[in-house]
């Protein structure tokens, strides 16, 4: 569930207004790419249109987005057509059954979402792989997979800039703090400063068509960061088949 802040939301004075990458498939428009931007490419395979509403299913939705990206990149871009998604609700629900007695009034730990997807057969047997909490390790992981991230959210998340930039100077406070799970897609850089582009699960009316940009150093702040995960499988993604039964 997206946390409900108990104090007024903060406005965002977003720096680097031109810090956007070109993703016509997502945005439906041709965005300008500054020459200093470094793009890893996962946003070309992402679909941030899903909106979890008040359901506490962000972990399921982050892993569903991870699977969608992997399939579109390693199988075929059109393997999951526009308008179709992996059933994130069922991943979350199965996780609640496996680890929390079946009650649907809570979320999941990140690794539990992966185990739920494996248990359902959406993914083949595999293992969660923790990624170290530093920009170098995150960027190395992004070369081959998106990264599922658990983190705190504060007031800035409720009022991001139109280009998705989150104000790194506004940390979560005790009365506005919430735990959330999203998906890191790419590393961006501008004038020597590193940023991370991520996919949220609050629909395309939020942020930049459902995406956000976060200062890379702020993203590693222990007050915000909780854990970073990807996954390892013996089977190559091109051989995965289970996901085909879980499109909605």
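Rounded to the nearest angstrom and listed largest first, the equivalent-ellipsoid semi-axes of the stretch 81-190 from its Cα gyration tensor are 26, 20, 15.
What ranking of 239, 182, 103 emerges when the number of other C-beta atoms within 10 Å of each C-beta is taken as an exposure proxy, fewest first?
Details: 239 11, 182 26, 103 8.
Result, fewest neighbours first: 103, 239, 182.
Computed packing ranks the peptides 138-145, 111-118 as 111-118, 138-145, most packed first, by mean other Cβ atoms within 10 Å. Under the simplified labelling scheme, the residue 235-residue 159 pair shows an inter-label distance of 4.8 nm, with each label point 7 Å from Cα along Cα→Cβ. Footprinting exposure proxy ranking of 220, 129, 70, fewest other C-beta atoms within 10 angstrom first, gives 129, 220, 70.
Given the Cα-Cα distance of residue 247 and residue 51 and 0.36 nm per residue of separation, how much length would full extension add, in nm?
On the way: separation 196, 0.36 × 196 = 70.56 nm, distance 1.58 nm.
That works out to 69.0 nm of additional length.
In whole percents, the pair-distance distribution calculated for the stretch 35-234 from its alpha-carbon pairs, binned every 10 Å from zero, is 9, 38, 39, 13, 1, 0.
A short reminder: the numbers here are calculations on the coordinates, not readings from a lab. Computed from a predicted structure; not experimentally measured. Cβ sites come from the backbone with ideal geometry, for glycine too, and all protein chains shown count toward neighbours.
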